[in-house]
Structures are given as structure tokens and as C-alpha cells.
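Asks: The structure that follows is given in the form of C-alpha cells.
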Amino acid sequence: MSALTDYSISELQRLYKKREIGPVEVVKAYLQEIDLKDPLVRAFLEVFHESAVMRAGELEEMDPEGMPLYGVPVALKDNISVKDRLLTCGSALLSQYTSPYDATVVHKLIEAGAVIVGKTNLDEFAMGSSTENSAFQVTRNPWDEECTPGGSSGGSAAAVASGMVPVALGSDTGGSIRQPAAFCGITGMKGTYGRVSRYGLVAFASSLDQIGPLTRDINDCAVVMEVLSGHDPKDSTTLESPAPGLVQGIEEGVEGLKVAVPAGIAGWQVEQPIIEFQEEAAAVLQREGATVEAAGLPGMEMSIACYYILATAEASSNLARYDGVRYGNRIEGATLREMYENTRGKGFGEEVKRRILLGTYVLSSGYYDAYYARALKVKSMICESYRKLFKKYDLIVMPTTPSTAFKIGEKSDDPVSMYHSDIFTAWVNIAGLPAVSIPAGISAEGLPIGIQIIASAGEEAKMLRAAGTLERSFSFRRRYLPGADS
Ligand code: GLN
């Protein structure tokens with residue numbers, strides 16, 4: 001890795017402003033990393049070689065002042081719309097679909113001076129935890145090529161972890177930013193539900209989906225999150241309240257904060273080294289002046305069942321539009337019905353079909369009350385319990401995942417075990433809360449371990465205070481990130 005691809009966002013900004021370096025050389029250096037590493041990692045579905053260099057050239061004529069992401073290369077999960085670019089969602093059905101408009105986040109990135117360098121691989125329609133459900137390719141974990149990078153934003157996580165981009169965006173419906181961030185040893189955040197506009201994000205489960213950043217450290221994460229956040233008239237679910245400033249708090253420390261850690265975490269089949277880092281996190285926060293207490297996490301035992309009812313129900317409705325008429329590669333048939341069957345039967349992969357079937361089932365008359373309506377009640381209960389819990393505590397600190405990255409193929413025939421990898425993340429989406437995963441350390445096998453920090457709705461800034469404190473103590477980037485100086 002050359003030095004140009006080592007800089008954090010704030011270092012880049014400092015050097016750009018002094019004109020010591022320019023966006024063209026930085027973008028070219030990253031593109032070179034992609035050309036070198038991506039044949040092995042396979043994180044990218046498309047790389048925008050020409051337009052990225054052109055855009056960097058245009059930026060050289062502009063004043064970096066007021067552009068927090070000036071000359072910062074960014075990759076996007078391929079369920080985020082960029083005008084006139086392919087938007088495949090990892091699906092054969094959309095292999096030829098181009099987006100007619102930019103997502104709001106893309107618009108914001110460009111206004112902030114970012115350079116979009118390409119689209120990254122994902123589980124088809126963001127359904128999965130390993131990126132193996134992509135119709136196009138299997139992405140490898142940069143720490144161990146036999147392991148998955150997690151999912152569904154596995155391409156974005158692997159791209160950042162292998163130094164091919166400093167920033168990538170992902171989407172998180174039940175953990176798809178935080179889980180791959182944990183598996184790949186990087187930082188990944190989702191804001192409070194409604195913090196970031198979903199306009200131009202292909203919908204999976206609209207009441208749970210959020211876009212967020214994957215970065216090398218918490219400072220970069222905060223800078224990008226500040227750019228992405230804010231009300232958007234094009235997404236009526238975005239929050240009206242102004243987005244909080246995040247960067248400042250990172251240095252503030254945790255003095256006086258009340259932190260809950262999960263009681264009886266070992267009962268959740270968590271790997272031992274992960275428990276150890278969780279304990280270390282608790283000790284660090286205590287030492288730095290926070291009060292740390294064990295607390296039961298209400299509803300966690302129901303959260304996976306609840307999530308997989310709500311998410312599949314919404315998905316079955318959201319994916320109805322891929323019928324070969326409105327959207328998707330049409331595969332003809334003798335009748336209209338046959339055309340639909342061919343288009344959807346051949347276009348969708350196995351996992352997506354499983355979700356559509358499940359979702360249609362839980363919404364069908366006769367089963368609606370037993371499944372969907374009941375899951376909604378569980379959701380209300382979970383939301384209420386956390387509102388109460390957060391009256392007592394400022395933050396929850398817990399593992400992001402019960403295991404480190406698993407092997408490619410290990411869970412692909414066992415959906416239930418795959419779904420279990422969301423046990424610590426999916427409830428956060430159900431409750432609509434902000435959460436961030438930061439890298440804590442590595443296991444004896446050399447695989448990264450993530451710690452997750454969760455705050456009450458709207459309290460992202462508080463969350464990043466703890467993230468900053470833990471990051472300084474773990475000093476993961478300096479010690480472990482491939483290519484970083486030690
Ligand atoms: N792994 C979860 C699922 O398969 C979460 C996906 C996501 O957050 N997009 O649904």
C-alpha cells in the first residue's frame with residue numbers, strides 16, 4: 001500500500017488544502033490498489049476508472065474549503081442508485097438495469113467533494129449475512145480468503161478493509177453494515193431510523209432499512225455520517241430534527257455516562273475471545289469514568305423471529321415490482337402468467353425466493369394475525385422496553401456478532417444458522433436505534449472481532465464518545481489493519 005492510500009479523511013483534507021497532494025494522484029493510487037487486489041478479493045461489481053479520474057481532475061480546479069469529503073474516493077453498495085449506472089442489487093434479474101437518478105446520499109457525497117469509484121458486491125437485494133447470495137461473484141474476506149466478509153454489505157466492507165477505498169456505503173436492515181464491518185476489522189455505523197435518506201436505496205424492508213458508512217476508523221465514520229445525515233423531502237420517514245455534529249464528541253470521553261452491558265452474554269453461544277473483548281470494553285469504559293452495569297436485554301430471544309417475519313413481509317411486497325413489465329429482465333412465455341413465472345422464477349436466487357414465500361405466507365389471510373400482526377406486537381414491546389432501558393442508561397455496549405467470520409460455504413445450506421448471525425444486530429433495527437461497530441482485536445485464528453455500541457434514538461453523538469474512547473484504547477488500526485504502520 002502506498003502512502004497516498006494510507007491517509008485518513010482529515011489527513012487528506014489537510015494535505016489537499018496545503019496543495020501538497022491532489023485528488024488525481026490519490027484517486028489513481030486507489031484505482032491501482034483496486035486493480036491489484038480486487039481480482040482476489042472480488043469486492044467490486046463495477047469500477048468507474050474513467051469517470052473517477054475525470055471527477056478528480058475537476059476537483060483540482062475547485063477550492064477544497066467547505067467540502068468535507070473533497071477528493072475522498074467512495075464505493076457504493078450496488079443497491080444505491082447512481083444516475084446512468086448499473087444498479088444490479090446483486091440480482092440476475094436486474095443485471096441490465098440502469099438507474100435514472102442519483103440517490104440522495106450520492107447527491108450529498110458529490111456536493112461534499114467525494115469521488116465515486118465504483119459499485120460493490122452484496123447479497124441479492126441485501127438478503128443475507130455472507131455476500132454469498134450475490135448472483136455474480138463471491139467476495140472474500142481480506143483477512144482470510146477462505147472466509148466470507150459477512151453481509152450483506154460484504155463488498156463494501158472488504159473494499160475498505162483491503163485498502164481499495166477509504167470509505168464505502170452500505171445498507172443495514174438487520175445488521176448488514178455492522179456485521180461485515182466486524183468480520184472485516186473496520187468501523188460501520190447505522191444512524192437512528194430516519195437519520196439518512198433512503199431515497200434511491202432499493203427497498204428491502206422499508207421500516208428497517210438505513211444507509212450508513214463503512215470506514216477505517218471512527219473519525220472517518222463521523223465525517224461521512226455528518227455528510228449523509230439530514231431531513232430529505234424525498235423520504236417522508238427522514239427525521240425533521242437537525243443531524244447532530246459527531247466529530248467533536250469523539251475526543252470528549254465517557255466521564256459520567258451510564259453504560260449497560262448484556263447480562264449472561266455467554267448464554268448466546270458467543271465465541272470466547274469475543275466475550276473477552278466485550279469484558280475489556282467494559283473495563284476500559286469504567287476506567288475512563290463511565291458507570292458500567294450488567295442488564296438483561298429485553299426481547300432479544302424473540303428478535304430474530306420477529307425480524308424475519310417483518311423483513312420478509314415487507315420484502316414480499318417491495319419485490320412485487322420485479323415482474324419483467326415494470327422492472328427486470330423479461331423472460332418471455334406463452335401467456336402473461338408464464339412470462340411472470342419465467343421472469344421471477346429464473347431471475348431471483350434461492351434466498352430471495354425463500355424470503356418472498358415466507359413474507360407472502362405471513363401476510364396471507366388466515367395467517368396474518370398469527371404471524372405478521374403478532375410480530376408487530378413484539379416490535380412494539382421491544383421498542384417500549386428499550387425506551388425504558390434508555391431512561392436508565394446512556395448506551396449499551398455488546399459484541400456485534402456471536403462469532404468471527406465463518407468459512408465460505410459453511411452456512412450457505414443452513415439458513416437458520418445464517419440467520420442466527422444477526423442475533424445481536426437485528427433487534428437494533430426493530431427498535432430503530434443508532435449503532436456502530438468498531439474493531440476491538442483479533443482472534444487466535446487471526447480474524448477480527450467487533451464491539452457494538454448502541455444509543456437511544458437521536459443520541460448518535462453520545463454513541464461516538466464511547467466509540468472514540470474504545471478505539472483509542474484498542475488502537476486496532478495501528479496494530480492490525482492490513483497495510484497500516486505498526
Ligand atoms: N442478514 C440479515 C438478512 O439477511 C440482514 C440483512 C441486512 O441488514 N440487509 O436479512
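Asks: In the calculated pair distance distribution of segment 182-233, what percentage of Cα-Cα distances lie above 15 Å? Could you put the intermediate results ahead of the total?
Replies: Numbers: 638 of 1326 pairs.
Summing the P(r) tail past 15 Å for segment 182-233 gives 48 percent.
Asks: Using the Karplus curve 6.51 cos²θ - 1.76 cosθ + 1.60 with θ = phi - 60°, what ³J(HN,Hα) values do you get for each residue of segment 358-372, in whole Hz, with x for Gly and Pro?
Replies: Result, ordered by residue: 4, x, 5, 5, 5, 9, 6, 5, x, 10, 3, 5, 5, 10, 5 Hz.
Asks: In whole angstrom, note down how far apart the Cα centers of segment 219-240 and segment 397-444 are.
Replies: Centre-to-centre (Cα) distance: 24 Å.
Asks: Roughly how many Å² of Lys407 are accessible to a 1.4 Å probe, to the nearest 10?
Replies: 90
Asks: Using a 7 Å offset from Cα along Cα-Cβ at Asp414, what residues in segment 249-285 end up with backbone N under 15 Å from the label point?
Replies: Of the residues in segment 249-285, 269-271 have backbone N under 15 Å from the label point off Asp414.
Asks: At 1.4 Å probe size, put Glu58, Glu124 in order of accessible surface, largest to smallest.
Replies: Working: Glu58 100, Glu124 5 Å².
Greatest to least solvent exposure: Glu58, Glu124.
Asks: While we're here: Arrange the residues Cys184, Cys383 by how much accessible surface each exposes, largest first, with a 1.4 angstrom probe. Provide the component values of the computation, followed by the final result.
Replies: Working: Cys184 0, Cys383 30 Å².
Result, largest first: Cys383, Cys184.
Asks: Please give the direction-averaged projected area of the C-alpha convex hull for segment 335-486, in square nanometres with one decimal. Before the final figure, lay out each step's value.
Replies: Values: hull surface 54.5 nm².
If you wrap the Cα atoms of segment 335-486 in a convex hull and average its projections, you get 13.6 nm².
Asks: Return the carbon/sulfur percentage of the accessible area of the chain, one whole number, probe 1.4 Å, all protein chains in place.
Replies: Working: 9230 of 18120 Å².
Taking all protein chains in place, the chain shows 51 percent carbon and sulfur surface.
Asks: Give or take rounding to whole Å, what are the principal axis extents of the alpha carbon atoms in segment 146-209, in descending order?
Replies: Each principal axis gives a Cα extent; for segment 146-209 these are 33, 21, 19 Å.
Asks: Report, to two decimal places, the Cα Rg of segment 1-153 normalised by 2.2 N^0.38 Å (N = number of residues). Mind dumping the intermediate values first?
Replies: Details: Rg = 16.0 Å, N = 153, 2.2 N^0.38 = 14.9 Å.
Taking N as the residue count of segment 1-153, the ratio is 1.07.
Asks: Here's something else I'd like to know. Tell me the relative contact order for segment 303-432 as a rounded percent, counting alpha carbon contacts under 8 Å between residues six or more apart.
Replies: On the way: 111 pairs, mean separation 42.3, N = 130.
So the answer I get is 33 percent.
Asks: How would Met225, Met67 line up by accessible area, probe 1.4 Å, largest first? Don't skip to the end; give the middle numbers.
Replies: Working: Met225 0, Met67 25 Å².
Largest accessible area first, the residues go Met67, Met225.
Asks: Also, I was wondering about something else. For the chain, with every protein chain kept in place, what is the accessible area per residue (1.4 Å probe, Å²)?
Replies: On the way: 18120 Å² over 486 residues.
Each residue of the chain exposes 37 Å² on average to a 1.4 Å probe.
Asks: Here is a further query. Excluding ligands and nucleic acids, what accessible area in Å² is computed for Trp268 using a 1.4 Å probe, to the nearest 10?
Replies: Around 60 Å² of this residue is reachable by solvent.
Asks: Restricting to DSSP H runs of at least four residues, report the calculated mean residue ellipticity at 222 nm for the chain, -39500 (n - 2.57) per run over all residues, nearest 500 deg cm²/dmol.
Replies: Values: 16 runs with 185 residues, N = 486.
Value at 222 nm, helices only, nearest 500: -11500 deg cm²/dmol.
Asks: In addition: What residues have an amide H closer than 5 Å to that of Asp232, excluding those fewer than 5 places away on the same chain, when H is modeled at 1.01 Å from N in the peptide plane?
Replies: Distant-sequence amide H within range of Asp232: Thr238.
Asks: Given Cα pairs under 8 Å that are at least 6 residues apart, what percent is the relative contact order of the chain? It would help to have the intermediate numbers written out before the result.
Replies: Numbers: 1152 pairs, mean separation 83.9, N = 486.
That works out to 17 percent.
Asks: Give me D for segment 41-118 in µm² s⁻¹, whole number, from Stokes-Einstein with Rh from the Kirkwood sum over alpha-carbon pairs, 37 °C and 0.692 mPa s. Before the final figure, lay out each step's value.
Replies: On the way: Rh = 13.2 Å.
The calculation lands on 249 µm²/s.
Asks: A further question follows. What percent of all Cα-Cα pairs in the chain falls into each 20 Å bin, going from 0 up to the bin containing the maximum distance?
Replies: That works out to 26, 60, 14, 0, in percent per bin.
Asks: So what are segment 110-217's ellipsoid semi-axes, whole angstrom, largest first, if each one is the square root of 5 times an eigenvalue of the alpha-carbon gyration tensor? Walk me through the intermediate numbers first.
Replies: Numbers: eigenvalues 77, 54, 31 Å².
Three semi-axes, in Å: 20, 16, 12.
Asks: So what is the orientation-averaged projected area of segment 243-372, using the convex hull of its C-alpha atoms, in nm²?
Replies: Quarter of the Cα hull surface area: 13.6 nm².
Asks: Taking the inverse of the average 1/r across all pairs of different Cα atoms in segment 295-378, what Kirkwood radius in Å do you get? Don't skip to the answer; put the middle values down first.
Replies: Values: mean 1/r = 0.0704 Å⁻¹.
Roughly 14.2 Å, rounded to one decimal.
Asks: With θ taken as phi - 60° and the coefficients 6.51, -1.76 and 1.60, list the Karplus ³J(HN,Hα) couplings across segment 226-242 in order, rounded to whole Hz; mark glycine and proline as x.
Replies: With coefficients 6.51, -1.76 and 1.60, one gets 4, 5, 6, 6, x, 5, 9, x, 7, 10, 5, 8, 6, 6, 7, 5, x Hz.
Asks: According to the Kirkwood expression over distinct Cα-Cα pairs, how big is the hydrodynamic radius of segment 1-48, in Å? Present the calculation step by step, with values, prior to reporting the outcome.
Replies: On the way: mean 1/r = 0.0854 Å⁻¹.
Evaluated on segment 1-48, it is 11.7 Å.
Asks: Report the extension gain between Glu240 and His49 in nm, rounded to one decimal, defined as 0.36 nm multiplied by the number of residues separating them, less their alpha carbon distance. Before the final figure, lay out the partial values.
Replies: On the way: separation 191, 0.36 × 191 = 68.76 nm, distance 3.74 nm.
Full-extension gain reported as 65.0 nm.
Asks: For segment 154-259, how big is Rg over Rh, using alpha carbon atoms and the Kirkwood form of Rh?
Replies: Values: Rg = 14.0 Å, Rh = 14.3 Å.
Radius of gyration relative to Kirkwood radius: 0.98.
Asks: Please tell me the relative contact order of segment 364-486 in percent, rounded to the nearest whole number, where contacts are Cα pairs under 8 Å and at least six residues apart.
Replies: Details: 134 pairs, mean separation 30.4, N = 123.
After rounding, I find 25 percent.
Asks: Efficiency by 1/(1 + (r/R0)^6): what FRET value for Ser365 and Met62, r their Cβ-Cβ distance, R0 = 41 Å, to the nearest 0.05?
Replies: 0.10
Asks: In addition: Across every pair of different alpha-carbon atoms, what Kirkwood hydrodynamic radius in Å does segment 207-309 reach? Please report the intermediate quantities before stating the final value.
Replies: Numbers: mean 1/r = 0.0587 Å⁻¹.
Over segment 207-309, the inverse of the mean reciprocal pair distance is 17.0 Å.
Asks: Heads up, I need the accessible area for Leu87: 1.4 angstrom probe, whole protein in place, Å², nearest 10.
Replies: Rounded to the nearest 10, the figure is 10 Å².
The values are calculated or read from the model by the stated rules, or taken from the named source; none is laboratory data. The structure presented is a predicted model; accordingly, all values stated were derived computationally and were not measured. Cβ sites come from the backbone with ideal geometry, for glycine too, and all protein chains shown count toward neighbours. Ligands, DNA and RNA are stripped out before the accessible areas are found, and what is left, the full protein with its side chains, is counted by its heavy atoms. Shrake-Rupley method; radii C 1.70, N 1.55, O 1.52, S 1.80 Å.
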